[in-house]
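The values are calculated or read from the model by the stated rules, or taken from the named source; none is laboratory data. What you are looking at is a predicted structure, and each value in this text was computed from that prediction instead of being measured. Note that each Cβ is placed from the backbone with ideal geometry, even for glycine, and that neighbours are counted across all protein chains shown.
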Amino acid sequence: MDVSAIDLYRFPAGSDSVWRMDWKLELVFVPVSDVDRAKDFYVNKVGFHADFDEQPSESIRFVQLTPPGSACSICFGEGLTDAPAGTAPSLQMVVSGIEAAHAQLKNAGVDVSDIDVQDWGQFVHFADPDGNKWSVQYIPSRPNG
């Protein structure tokens, strides 16, 4: 019996899922114009953890940052993309308390919106120094946000 490699990752017919392996989003590129300014903003104002800041050559620098408790990180740097600064798609994080998230951002000097209460959740919005837009969502019906 010859089984292809892809068949090893398929569930049998009739299963709820087609694939056995997880597909995890773990890194999102955020185009910025000034790497040091962006790193300072995300680490010292928003509270992200600085995972990596490596410069393997004169023309390449890679910075990876992770929000507290998140399995997905953001990255930016030099020599990595031609995307104009500030053109990341709308990015969203989920928190377990919108009031605390709002206070943390505001107290750190982030220009953050007032809390927006909707039927499907509560939100605050902010942008990084290049204009990449972020939403922070609290979902009251979901444990831990």
Residue ID - nearest to residue 36 (Cα to Cα), chosen from residues in region 65-104 that are in contact with a strand residue (DSSP E or B) (Cβ under 6 Å, 6 or more places away or on another chain) and aliphatic (A, V, I, L, M): 65
Unique match (being of a type in the set (S, T, N, Q) and surrounded by 13 or more Cβ atoms within 10 Å (Cβ to Cβ)) among 90, 59, 73: 73
Residue list for region 33-88, restricted to those being touching a residue at least 40 places away in the same chain (Cβ under 8 Å) and of a type in the set (S, T, N, Q): 33, 44, 73, 81, 87
Residue identified as at pLDDT below 95, within 23 Å of residue 126 (Cβ to Cβ) and either of a type in the set (Lys, Arg) or in a loop (DSSP other than H, G, I, E, B) (or both) among 31, 89: 89
In region 108-145, what residues are touching an Asp or Glu at 6+ places or on another chain (Cβ under 8 Å), assigned to a loop (DSSP other than H, G, I, E, B) and either of a type in the set (A, V, I, L, M) or closer than 13 Å to residue 98 by Cα (or both)? 115
